[in-house]
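Some notes on the structure that comes next.
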Amino acid sequence: MKIINELKHNDQQINWHGQIGIAPFASKGHLALTNIDSNSFWAYTKSVSPYWLKQARISLSGDYQTIINGDQTQLNIENTEFVINDAVLSETAESEAMLAFESLNVAPISFDLAEMLLDLGTIDLSQPQILLERSADTSLNIL
């Protein structure tokens, strides 16, 4: 079954087009998340990060193919780009910024679950601003 789907809210957008099957579950297509506000989901991802991402806009687009058949899962991701714009990183939602940057762009990204292989291509960071503080025990806040 071939499907094209698009969701929009303000300037945030989710686009997907591809194919999906049920027995076994299989899907391949292109997914694009554009200008997703970090406040929309960071509370859910906070448990896996020691930092808080504030006021960022996140975009992700790429091609994927997956098959889940019994206890075997195949996942391949290709031609993917990950972009974070206008980000501020801090220790908590209320604390001052430790890191701010205009943009972080990672592309092309590819991933093969069977081979456990991740290729991040090029990582570009634009206009980083870092605030380091040393505490009385000589540790740095960013660590």
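Quantify, in whole percent, the carbon and sulfur part of the accessible surface of the chain (1.4 Å probe; protein heavy atoms only).
On the way: 5400 of 9720 Å².
Reported share for carbon and sulfur atoms: 56 percent.
Once each part is reduced to its C-alpha centroid, what is the distance from the stretch 23-58 to the stretch 71-143 in angstrom?
With the stretch 23-58 and the stretch 71-143 each reduced to a Cα centre, they are spaced 13 Å.
Can you order the peptides 129-136, 86-93 by their average number of other Cβ atoms within 10 Å per residue, highest first?
Values: 129-136: 9.6, 86-93: 15.4.
The densest-packed peptide leads the list: 86-93, 129-136.
At a Förster radius of 25 Å, what calculated FRET efficiency corresponds to the Cβ-Cβ distance of Thr92 and Thr138, to the nearest 0.05? Walk me through the numbers before you get to the answer.
Working: r = 22 Å, r/R0 = 0.88.
Approximately 0.70, to the nearest 0.05.
Can you compute the modelled spin-label distance between Asn10 and Ile130, with each label point 7 Å from Cα toward Cβ, in nm?
Result: 3.1 nm between the two label points.
Calculate the FRET efficiency for Ala23 and Leu75 from the Cβ-Cβ distance with a Förster distance of 22 Å, rounded to the nearest 0.05.
Here the calculated transfer efficiency is 0.75.
Hey, of (i) 42, 32, 21; (ii) 60, 37, 27; (iii) 56, 34, 33, which did the structure itself give for Cα extents along the principal axes in Å when calculated?
(ii)
Per residue, what accessible area does the chain have, given a 1.4 Å probe and all protein chains present, in Å²?
Averaged over the residues of the chain, the accessible area is 68 Å².
Tell me the net charge near Asn39. Cut-off is 13 Å between Cβ atoms, Asn39 excluded, with +1 for each Lys or Arg and -1 for each Asp or Glu. Mind showing how you got there, number by number?
Details: positive: Lys46, Lys54, Arg57; negative: Asp37, Asp86.
With Lys, Arg at +1 and Asp, Glu at -1, the net is +1.
The values are calculated or read from the model by the stated rules, or taken from the named source; none is laboratory data. All values reported here derive from a predicted model rather than from experimental measurement. Cβ atoms come from the backbone with ideal geometry, glycine included; neighbour counts cover every protein chain shown. For the accessible areas, the whole protein counts, side chains as well, though only heavy atoms, and no ligand, DNA or RNA atoms are used. Shrake-Rupley method; radii C 1.70, N 1.55, O 1.52, S 1.80 Å.
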